[in-house]
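So the structure is just underneath, and the comments pick up after that.
The values are calculated or read from the model by the stated rules, or taken from the named source; none is laboratory data. Since this is a predicted model, take the numbers as computed values, not measurements. Positions of Cβ are backbone-derived with ideal geometry, glycine not excepted, and every protein chain shown enters the neighbour counts. When the accessible area is computed, the model is the full protein with side chains, heavy atoms only, and any ligands, DNA or RNA have been set aside. Shrake-Rupley method; radii C 1.70, N 1.55, O 1.52, S 1.80 Å.
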Amino acid sequence: MTQKSFNQLAVKFCGFTCADDLHTATALGVDAVGLVFYPPSPRFVDVDTAKMLSLIVPAFTTIVALVVNMEQDELTNLTKQVSLDIIQFHGDETPARCQKLASAVNKRWIKAIRVKHNDTAASILNQINEFKSWGASGVILDTFSDSAYGGTGHLFDWNKIPNHSPLPIYLAGGLTPDNVGDILSNQSLMAKIKGVDVSGGIEKEKGVKCGRRMWAFMNNINNVHR
């Protein structure tokens, strides 16, 4: 088991579908695990599977529910049945919609901002400010795709990440054990972000995590901070 460094980035592994993978991730010391409640995703889990997986997660590890344009009744039913800590809105939800849904289930929430080619640091900061004003606890910056709401496996231009964000920024999109070291060695980037969020980069196939890649991801983070 790796030992967590005092000043390392927060790490979220997302898209778990089976107990063995989740056991491995929590043993490695991740800060958060994500469960995907979006049926078109290869990482989708139903309520019964999510209930089983949530029982595996240790007390001080955050469970994040990734939802995409979910209706309030469905979200209410989900949170009644599954122990969840934070709602991650990853669709086309407006700030007002996020706030309304999260308030209905009494959960903290974060919003994924899918960074487009024509986005700038200023345009992203404007979006973050709006989510802040509606009560978000943080934002995830992911890569925009016309065909998917996430899990693209592609990087976006990290130079677009704004300085002085009023909310914690968690970096996603194309992260792997091989490139996470580039983040930690980039002091300018490290000053802008609070953590990283990885899914496809630690898999051997979509929806199936790879123990070796999960270990390598955490080991590469810890090695930089020794």
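Could you check how many residues of the stretch 89-107 are surrounded by 14 or more Cβ atoms within 10 Å (Cβ to Cβ) and without any contact (Cβ under 8 Å) to a residue 60 or more places away in the chain?
Within the stretch 89-107, residues that are surrounded by 14 or more Cβ atoms within 10 Å (Cβ to Cβ) and without any contact (Cβ under 8 Å) to a residue 60 or more places away in the chain number 11.
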> Mind checking which residues of the stretch 70-128 are among the β-branched types (Val, Ile, Thr), assigned to a loop (DSSP other than H, G, I, E, B) and under 21 Å from the mean Cα position of the chain (by Cα)?
Replying inline: Val82, Thr94
> Applying the selection to the stretch 158-187, what residues are of a type in the set (Ser, Thr, Tyr) and either open to solvent by 70 Å² or more (accessible area, probe 1.4 Å) or within 21 Å of His117 (Cα to Cα) (or both)?
Replying inline: Ser165, Tyr170, Ser185
